[in-house]
Amino acid sequence: MKNKIINFSLFQRLLLTSQYAVIVLLVMLVFSCAGKIYMKEDYTFYNSNFRLDQSASLRTDGVYVLQSIWTAENGGILKQPKDHRFYKFYATGQCNLSLDSSFEIKTEKDYADAVSKDFLMQKNTLFQGYYKLSADRIAIESRVVPRHQFEYKYGYVKKDSLIIVKAGNSKKGTFDDSNFPEYYKEYYVFKPLALPNENQPQW
């Protein structure tokens, strides 16, 4: 009888231990799958002292709206975008790419309301990013949420237009010529907005 009690107690301990082990494994799995919350200091492009040069072609008093996409396929094809995207840049170095897949944003007020969300209090950076300029070239650093890594977009800033030519996670946002190919172009057209004096956005 004593052996049976001892064996039963041993079984209970093993069962309890295995339950704890399962809980620990589940907790570890959840934390490993959860995305890291990136702070602004995690971005290599972040510069607390950045101020956009007033002579730069990049404009911050409105948004850059995607108008068309050109690819070198079959000798060159100009395509209409399947979704509505627009960039907002800030003089303090931040930028935000908004996606309006339902095409609900149409009027100037709609755009202004979307931009105003950038000023809601946030303690961390989620989908926003930072940019750097070198002459007429621009590099944008943002975070790819599902892959937990940074992405860099490269392009050109022309008069009232933005042309994105490449996106990827290599070369870490350098201005190498290889980051500015000629086989792909996203054309964004500037849309001025009657925005009030802007503060620094919350990221």
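Amide H neighbours of Lys191 under 5 Å, at least 5 residues apart or on other chains, H built in the peptide plane: list them.
Val63, Tyr64, Val65
Rounded to the nearest Å, what's the spacing between the alpha carbon centres of the range 149-163 and the range 66-130? Just the number, please.
If we compute the Cα centre of each part, the gap is 12 Å.
Taking 0.36 nm per residue of sequence separation and subtracting the Cα-Cα distance, how much length would be gained by fully extending the chain between Asp160 and Tyr183, in nm to one decimal?
That works out to 6.1 nm of additional length.
Take the residue pairs Lys82/Lys132; Lys79/Lys171; Lys79/Lys132; Lys88/Lys153; Lys82/Lys172 and return only those whose Cα atoms are more than 26 Å apart.
Result: Lys82/Lys132; Lys79/Lys171; Lys79/Lys132; Lys82/Lys172 exceed 26 Å.
Would you mind calculating the gained length between Lys172 and Gln149 on full extension (0.36 nm times residue separation, minus the Cα-Cα distance), in nm to one decimal?
Residue separation times 0.36 nm, minus the Cα-Cα distance, leaves 7.2 nm.
Mind listing which GluC sites (Glu not before Pro) in the range 99-192 are in a DSSP loop and have 15 or fewer other Cβ atoms within 10 Å? Could you put the intermediate results ahead of the total?
Details: sites: Glu104, Glu108, Glu141, Glu151, Glu182, Glu186; in loops: Glu104, Glu182.
Here the GluC sites (Glu not before Pro) that fit, given the DSSP loop and packing criteria, are Glu104, Glu182.
Taking 35 Å as R0, compute the FRET efficiency from the Cβ-Cβ separation of Ala72 and Phe127 and round it to 0.05. Don't skip to the answer; put the middle values down first.
Values: r = 29 Å, r/R0 = 0.84.
Here the calculated transfer efficiency is 0.75.
For the residue pair Gln80 and Asn47, what label-to-label distance in nm results when each label sits 7 Å from Cα along the Cα-to-beta-carbon direction?
With each label placed 7 Å out from Cα toward Cβ, I get 4.0 nm.
Read-outs: derived from the displayed coordinates by stated rules, not from any lab. Note that the coordinates shown come from a computational prediction; the quantities given were computed from them, not determined experimentally. When we count neighbours, we look across all protein chains shown, and the Cβ atoms used for this are built from the backbone with ideal geometry, even at glycine.
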